[in-house]
Amino acid sequence: MAYALDTLSYAKRLRDAGIAQQQAEAHAEAAREFVMGELVTKADLQAVKADLQVVKADLLAAMDTLSLRLTLRLGVMLAAGLATLAAVIKL
């Protein structure tokens with residue numbers, strides 16, 4: 001649901017507060033441009049969600065790769081340690 005700024009009511013309220021009609025209308029138009037320019041739509045949110053899902057998938061893949069690399073390094077260090085221990089025991 002998108003919200004729109006009711007510039008007519010906004011300008012009327014400014015006029016009722018004592019501001020000149022031209023100034024009230026200009027102020028209402030400027031406020032509308034500012035608010036509507038920063039308004040996020042459902043399509044914007046869906047695009048960001050899709051981008052975040054791609055980033056999440058990439059991060060999960062990178063984490064899996066790092067996990068495998070760390071497991072391999074630990075295995076190599078353990079094997080090297082056991083080989084060194086065996087060599088020391090044989091001496």
(message) If I model a spin label at Arg73 and Ala43 as a point 7 Å from the Cα along the Cα→Cβ vector, what separation in nanometres do I get?
(response) 4.7
(message) Run the helix sum for the chain: -39,500 (n - 2.57) per DSSP H stretch of 4+ residues, divided by residue count, reported at 222 nm to the nearest 500 deg cm²/dmol.
(response) -29500 deg cm²/dmol
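Grab the beta carbon distance between Val54 and Ala80, set R0 = 30 Å, and tell me the FRET efficiency rounded to 0.05. Walk me through the numbers before you get to the answer.
Values: r = 39 Å, r/R0 = 1.31.
With R0 = 30 Å, the Cβ-Cβ based efficiency is 0.15.
Work out the P(r) tail for the chain: percent of alpha carbon pairs separated by more than 21 Å, whole number. Display every interim value, and only then the final one.
On the way: 2729 of 4095 pairs.
So the portion of pairs separated by more than 21 Å is 67 percent.
Please give the FRET efficiency for Arg32 paired with Ala62, using the beta carbon to beta carbon distance and R0 = 30 Å, rounded to the nearest 0.05.
Result of the calculation: an efficiency of 0.10.
None of the figures in this text is laboratory data; all of them are computed from the coordinates on show. The structure displayed is predicted, hence computed values, not measured ones. Here Cβ is always computed from backbone atoms with ideal geometry, including for glycine, and neighbour counts include all displayed protein chains.
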